[in-house]
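Take a look at the structure below.
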Amino acid sequence: MKITCPVCVHRCSLEEGQRGLCGARKNVEGRIVCVNYGQAASLALDPVEKKPLKMFRPGKLVLSVGSYGCNLRCPFCQNHEISMSHDLETVFITPEELAAKALACKRAGNTGVAFTYNEPLVGWEYVRDTARLVKEKGMDNVMVTNGTACLWVLEELLPFVDAMNIDLKGFTEEYYKRLGGDLEAVKSFIARAVRDCHVELTTLIVPGENDGTEEMEAEAKWIASLGRDIPLHVTRFFPRYRMTDREATDVGRVYELAETAGKYLDYVFVGNC
């Protein structure tokens, strides 16, 4: 019997034993199960600025963990080795173990745990369970996400997540469809998150895709409607994964688009330049 996964906009209808598009959720005996739960593919102590978060705990470190799976298909993904796979060598780390590791790193300047590298929302149950324990230890939780999940998932996580960097890939529905996503769903996710969480946004500028001045102006105006003080990171594309058919974004163009965004937003940062 087919079961529909309710986590994101794809609403994958799965036969017994079948995985969803994300590769991390599976129909197991008539239930949708998070099969990447606790399966760590990458673990590192990173500067919080690397997430990127410029205005949350500057100068601190954060214990970053990632598994496999993603519900978008960005052809420029820099972590495609883990995000686009579900056949990786992983290490199982329970929520209790990860929270304890975070606390053990506190003296080194660690502020908490960041769920990153792959898309954490496809395994939101692990984020929730771990983040609750991290908060109980008096530490922070950070999530780096594409924001492509139903709002009920966000509501489950907001009580425990202190900061997010959310990818706003572009500002046209056509572009999002090419990436396998939905612009309006991401906008709704962002609009809800900013009410109860520190949010910074990132837009990767891909030549010939989302590098128009009018598009950036529309994006910045919309962000400003939620709050002029929401930080936006405008970052430079480099050829990656399945998008090696073009040069890196011109540095001058990145700065021009950041200047455009700065007409409406108080905090605009340039990255990868």
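The values are calculated or read from the model by the stated rules, or taken from the named source; none is laboratory data. All values derive from a computational prediction rather than experimental measurement. Cβ: placed from backbone, ideal geometry, glycine included. Neighbour counts: every protein chain shown.
Here are a few things to note about the model shown:
- Answer residue from the range 82-113, given it is under 24 Å from Val186 (Cβ atoms) and assigned to a helix (DSSP H, G or I) and is farthest from the chain's Cα centre (by Cα) among those: Ile82
- Residue ID - nearest to Leu179 (Cα to Cα), chosen from residues in the range 1-20 that are in contact with a Gly (Cβ under 8 Å, 6 or more places away or on another chain) and outside any loop (DSSP other than H, G, I, E, B): Leu14
- Filtering the range 103-110 for residues that are over 30 Å from Val268 (Cα atoms) and in contact (Cβ under 8 Å) with a residue 40 or more places away in the chain leaves a non-empty set.
- Qualifying residue in the range 74-90 (condition: at pLDDT 95 or above, more than 18 Å from Arg19 (Cα to Cα) and either touching a Gly at 6+ places or on another chain (Cβ under 8 Å) or among the hydrophobic types (A, V, I, L, M, F, W, C) (or both)): no
- Residue match in the range 168-177 (condition: at pLDDT 95 or above, surrounded by fewer than 17 Cβ atoms within 10 Å (Cβ to Cβ) and closer than 22 Å to Pro58 by Cα): no
- When the range 235-264 is filtered for residues that are of a type in the set (D, E, K, R) and closer than 30 Å to Ser85 by Cβ, the ones remaining, listed by number, are Arg236, Arg240, Arg242, Asp245, Arg246, Glu247.
- All positions within the range 178-202 that are touching a residue at least 40 places away in the same chain (Cβ under 8 Å) and within 15 Å of Ile166 (Cα to Cα): Gly181, Asp182, Ala185, Val186, Phe189, Ile190, Arg192, Ala193, His198, Glu200, Thr202
- Candidate set: the range 130-153, residues that are touching a Ser or Thr at 6+ places or on another chain (Cβ under 9 Å) and not in a loop (DSSP other than H, G, I, E, B); chosen: the one farthest from Ser83 (Cα to Cα): Asp140
- Looking only at the range 146-167, and only at residues there that are in contact with a strand residue (DSSP E or B) (Cβ under 9 Å, 6 or more places away or on another chain) and free of Cβ contacts under 8 Å to residues at least 40 places away in the same chain, the one that is surrounded by the most Cβ atoms within 10 Å (Cβ to Cβ): Met164
- All positions within the range 213-237 that are outside any strand (DSSP E or B) and surrounded by 16 or more Cβ atoms within 10 Å (Cβ to Cβ): Glu215, Met216, Glu217, Glu219, Ala220, Ile223, Ala224, Leu226, Ile230, Pro231, Phe237
- In a residue-by-residue description of the range 45-63, the property of being among the β-branched types (Val, Ile, Thr), in contact (Cβ under 8 Å) with a residue 60 or more places away in the chain, surrounded by 19 or more Cβ atoms within 10 Å (Cβ to Cβ) and closer than 24 Å to Gly181 by Cβ applies to no position.
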